[in-house]
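Read through the structure below, which is laid out as structure tokens, and then see the notes.
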Amino acid sequence: MVNYFTANGCTVAALKAQGATVLGSQEFASQNYSNSAKILLAYRTILDREPDLGGFNANVNALNSGSTFDQIVNSFYGSSEFASLTRYICSGNPYYFEIQSQNAYAIQPPGTAIINQAQLQAQLNAAGSGNTVSLPQMAVIYLSSTLSIPNGVRLTTAGNPTPASHGFMARLIRAPNFSSNAAVVQLQPGAALTSIWVDGQRGAAPYASGVPRPFVHTDINIQTLSGTGTNVSSNFIANTVGWSSLQIFGSAEVQNTPCRANVINGNTITVYGSSNSDNAGSSWADGISDSCEDSTVTNNNIADASDGGIVLFRSQVPGAGAVQRSQVTDNVILNAGNSAFVGIAVDPLYVSGGCPASPSFSGSYVGRNKMWTSSNATIEIGLAVGTSEWFYSAGGCKGTGANVSDNTTAGIRSRFNVGIAVEGMLNATVQSNDFLTARVRKGRCQSADVAAGISAGLASGSIQPYSDIALTDCIN
């Protein structure tokens, strides 16, 4: 597809040709979506927004009355709204979900179940460890406060749809009256969330007061509270209002609760509504933020995170606590419309006044991941092994022992300022990463294919060919 647009340019006709091919494919038809699900996905896929109720009903009625889905798709691509949207997509500048400010809040598709939050919470509380609460397909639950999944309980959608069939998923939606400063969904230790669409609705309808929805730092989509066997898999996680889409706590955050055998697998995470700017206070957002000391983060697809696609944090208070030994493998990170500070980071963080000890990442492995950008987006640093670029003067810690190897850009030359940076990680293994780096200067960091602060004492270990460059305090 990259080659197609290189050859044909970015135009209404080119976008329609590729988009209509996907929506008219046998693969899409094999999902056996209802007419309501087809129209919902057409609005989000083509027009980059939630459907308005009038337009949604008219198009569903047209399908029910004999119009074909191909005709609906062609009408969307032929609309003045899509022509206007194309100017954003093809401008070479960042774009994001609902960029044209349609302010369409997620609707309740006619004929689907709507479930009261209090009733669902009561079901979850009564389920008991080892049991499952299954929601009807396409059910809609508006959340005005955090939904808590108890220890050992699993919440899912009937039939276990995957993200490729997310139009079938039950949808947990952050409501306009959500009580802020809390996660939308919170998993207690050992809980599971699978085959659910969690939607933060960032950039959607204004609050009842008429004030547009702001960035609310703490209002992340999903938060897990350490423990053993917590599982977040096969979900569609979209449009967080807060600083991360999925935050995984470890024993450093939840004292006396070791984090063991947590699984984060096969999720699709879209962070379209956030923004990237090298200015403090901007509304950045991560895809996955992992502090669990023993987690498997694998086979996730992350689009347009504006801070970091995946960040593997230290799992200890420096000088005490657990060793970060998580495995982050086989994930795909794409920045198409939004730029980002980093694709994947291994982050020892900082301690104000100086770090008393080096957080250990021995046993961790960040490998076989793929990342690339479109011509609209830039990633400041593809792989950041250590984070002196952010925290050097703030008391940045030097981690030890991380293994970041075998990652690629899938043969696509991508717009990175620095492909790989080892800055704040000692005894590191950084080998066999195959990045085609365009070296697009975005911020204040010096450009390089591979930078390692060896002479400055910020990096050591087995590192693939590098330039001896110290990158400090050049982001934020």
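List of remarks:
Table: residues versus (1) open to solvent by 40 Å² or more (accessible area, probe 1.4 Å); (2) under 20 Å from residue 271 (Cα atoms); (3) more than 16 Å from the chain's Cα centre (by Cα).
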position: 311; (1), (2), (3): no, yes, no
position: 356; (1), (2), (3): yes, no, yes
position: 360; (1), (2), (3): no, no, yes
position: 367; (1), (2), (3): no, no, yes
position: 377; (1), (2), (3): no, yes, no
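- Residue match in segment 152-170 (condition: within 22 Å of residue 217 (Cα to Cα), in contact (Cβ under 8 Å) with a residue 60 or more places away in the chain and of a type outside the set (D, E, K, R)): no
- Against the list (1) open to solvent by 10 Å² or more (accessible area, probe 1.4 Å); (2) in contact (Cβ under 8 Å) with a residue 60 or more places away in the chain; (3) of a type in the set (Phe, Trp, Tyr), the condition residue 372 fails is (2).
- For segment 112-126, filtered to residues that are in contact with a strand residue (DSSP E or B) (Cβ under 7 Å, 6 or more places away or on another chain) and open to solvent by 60 Å² or more (accessible area, probe 1.4 Å), the residue that is modelled with the lowest pLDDT is 114.
- Residue count for segment 191-211 satisfying the condition of being within 15 Å of the chain's Cα centre (by Cα) and at pLDDT below 95: 4.
- Segment 214-271, subset in a loop (DSSP other than H, G, I, E, B) and of a type in the set (A, V, I, L, M), residue farthest from residue 144 (Cα to Cα): 261
- Members of segment 296-306 that are assigned to a strand (DSSP E or B) and not β-branched (Val, Ile, Thr): 301, 303
- In the set 401, 382, 411, 419, only one residue is modelled with pLDDT under 95 and of a type in the set (Gly, Ala, Ser); that residue is 411.
- The listed residue being out of contact with any Cys (no Cβ under 7 Å at 6 or more places or on another chain), closer than 30 Å to residue 9 by Cβ and at pLDDT below 95, out of 274, 283, 352: 274
- Extreme residue, farthest from residue 396 (Cα to Cα), among residues of segment 417-462 that are outside any loop (DSSP other than H, G, I, E, B) and open to solvent by 20 Å² or more (accessible area, probe 1.4 Å): 434
- Condition met for residue 345 (surrounded by 24 or more Cβ atoms within 10 Å (Cβ to Cβ) and out of contact with any His (no Cβ under 6 Å at 6 or more places or on another chain)): yes
- Single residue of segment 240-258 satisfying the filter (crowded, with 24+ Cβ neighbours inside 10 Å and among the β-branched types (Val, Ile, Thr)) that is modelled with the lowest pLDDT: 241
- Only one of the listed residues (129, 134) is open to solvent by 30 Å² or more (accessible area, probe 1.4 Å), at pLDDT 95 or above and in a strand (DSSP E or B). That residue is 134.
The values are calculated or read from the model by the stated rules, or taken from the named source; none is laboratory data. It should be emphasised that the depicted structure is a prediction, and the values quoted were computed from it without experimental measurement. All Cβ positions, even for glycine, are placed from backbone atoms using ideal geometry, and neighbour counts span all protein chains on display. Ligands, DNA and RNA are stripped out before the accessible areas are found, and what is left, the full protein with its side chains, is counted by its heavy atoms. Shrake-Rupley method; radii C 1.70, N 1.55, O 1.52, S 1.80 Å.
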